[in-house]
Amino acid sequence: MIKVIKPGLQTTVQDKGRIGLYEIGMPPSGAMDKYSFAAANLLVGNHPNAAVLEITYLGPELLFEKGMRISLTGANMPPKINGEPVPMWETLEVKPGDILSFDFVKSGARVYLAVEGGIDVPVIMNSRSTYTLIGIGGYNGRALAAGDVLHTADMKEKDVPVGSRIDEAYIPVFGKAHEIRVVVGLCSYRLTEESKQTFLQTEWTVTPEANRIGYRHRGERLQFVEREQPFGAGSNPSNVTDLGYPIGSIQVPDGVEPIVLLHDAVTGGGYATIATVISSDLNRMGQIKTNEKVRFAAVSLAEALQARRETEEKLMRIAASL
Amino acid sequence: MSDKKAILSPLPGVFYRKPSPEKPDYVQEGDTVKAGDVVGLIEVMKNFYEVKAEEDGVIDQFCVENESIVDVGQEIVSLK
């Protein structure tokens, strides 16, 4: 059992997500940085879809009432066990009575804490992920609160020795300025040629409205091509007739503040989506903090798929090394 | 006790000196605070996080304006 002494700002149970319900309007939720999530589970020998804790911005304080192996990956938020610093990206061991706490986050935004066997919460719609907006999944559909008690599941597949470490080359480094690759489209035809350039040339600043639902960016105003709006599209030129929103798609309501839609976002609607963040860079997107800078770089679909393969290969190499 | 102590922001977000627009500020410069007293709020991701004094002291000055955007580790209040 793990007792929550302090919950942090927003600590939720997440796995790979509720896959397969997007077409009925149910977003998948799941870990924002799936690379760090996968690495955390590998370090404790868990099934790849075991549930972990996703810790955002501010670490919790947790009391372990039984001994177990744990791992911490993702943002650099220096962890401590009983007040003594411990490494991240390594298989650690806690004893009964140990308390895990964290210093202020140094870089990145989200830490993944995996425990041997995974976090045991009910499976709802194929997943243990929390969707706080409507209160389903995870621990009672919400972020952790002081006094909550977590149990561990039996999703351990392999014994990984304490002290096993992920090779430095596979540990991502998060700065304060980020280049995020996008595939331009589906509705980029609605932007003026000049605004398409502006979108890719602007250094955007992430606003405080940046969470699991979406990230809002401040920078330049974008202009849409003038037209007589078709039936059902609404009057604003940033509107189109409804379409599905891919995860990572970027909409610009009224031409101001592009929003990258993420894992807890609505699945469709009537805003023109001008570009889509490639899947492997969604991991990095989940590690960007409010106030940090983002530039969007256009790549082809073939380059996006290649980047996805490279990310998968990295994880396979990590798995082979443990 | 002449050495100054700082209250740092643990989060990035918008800093507020009062609990809601029509309420007075939590604390003023010159006020005495005890460990655990709330000195402001940080809003991020539609969450409000209470910034508390970690030790007893007297508010020397606020280092950031009300409703300004702050970073992790930025000094919000100095105590004396």
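Of the solvent-accessible surface of chain A, computed with a 1.4 Å probe and all protein chains present, 53% belongs to carbon and sulfur.
Of all segments of chain A bounded by chymotrypsin sites (Phe, Trp or Tyr not before Pro) found in a DSSP loop with no more than 15 other C-beta atoms within 10 Å, the longest spans A:105-230. Among the residues of the stretch A:68-104, those with an accessible-area drop of 10 Å² or more from chain alone to full protein complex, heavy atoms and 1.4 Å probe, are A:104.
Taking chain A as a Gaussian network, where each spring joins two C-alpha atoms under 10 Å apart, which residue of A:84, A:116, A:179 fluctuates the most? Result for chain A, Cα springs under 10 Å: A:84 fluctuates most. For the protein assembly as shown, how big is the tail of P(r) above 27 Å, as a whole percent of Cα pairs? Above the 27 Å cut-off, the protein assembly as shown has 53 percent of its Cα pairs.
Once A binds B, the 1.4 Å probe can no longer reach about 1400 Å² of accessible area, counting both sides.
Within straight cross-link reach of residue B:5, meaning Cα distance under 17 Å, which aspartates and glutamates are found once same-chain residues fewer than 8 apart are removed? Within the straight-line limit of under 17 Å, residue B:5 reaches these aspartates and glutamates: B:29, B:31, B:37, B:54, B:55, B:56, B:60, B:75. All other residues whose Cβ lies under 13 angstrom from that of residue A:320 are scored, Lys and Arg at +1 and Asp and Glu at -1, for a net of 0.
Hey, what's the stretch A:53-194 come to in accessible area per residue, 1.4 Å probe, Å²? Mind showing how you got there, number by number?
Details: 6120 Å² over 142 residues.
Per residue, the stretch A:53-194 has 43 Å² of solvent-accessible surface.
Computed over neighbours whose Cβ is under 13 Å from that of residue B:50, the net charge equals +1, Lys and Arg +1, Asp and Glu -1. Note that the stretch A:189-204 has calculated 3J(HN,Hα) couplings of 4, 7, 7, 5, 4, 4, 6, 4, 5, 4, 4, 7, 9, 6, 8, 8 Hz, one per residue in order, obtained from phi through the Karplus relation 6.51 cos²θ - 1.76 cosθ + 1.60 (θ = phi - 60°); glycine and proline are x. For residue A:35, the shell of other residues with beta-carbons less than 9 Å away shows a net charge of +2, using +1 for Lys and Arg and -1 for Asp and Glu. Comparing Cα centroids, the stretch A:3-54 and the stretch B:1-58 end up 32 angstrom apart. What separates the Cα centres of the stretch A:153-176 and the stretch A:262-316 is a distance of 23 Å. Compared with its chain on its own, the stretch A:269-292 contains the following residues whose accessible area drops by 20 Å² or more in the full protein assembly (probe 1.4 Å; ligands, DNA and RNA excluded): A:289, A:290, A:291. Applying a threshold of 22 Å to the alpha-carbon distances of A:106/B:34; A:66/A:156; A:106/B:52 flags A:106/B:34 as lying beyond it.
The values are calculated or read from the model by the stated rules, or taken from the named source; none is laboratory data. Because the structure is predicted, anything quoted here is derived from the model rather than measured. When we count neighbours, we look across all protein chains shown, and the Cβ atoms used for this are built from the backbone with ideal geometry, even at glycine. Heavy atoms of the whole protein, side chains included, go into the accessibility calculation; ligands, DNA and RNA do not. Shrake-Rupley method; radii C 1.70, N 1.55, O 1.52, S 1.80 Å.
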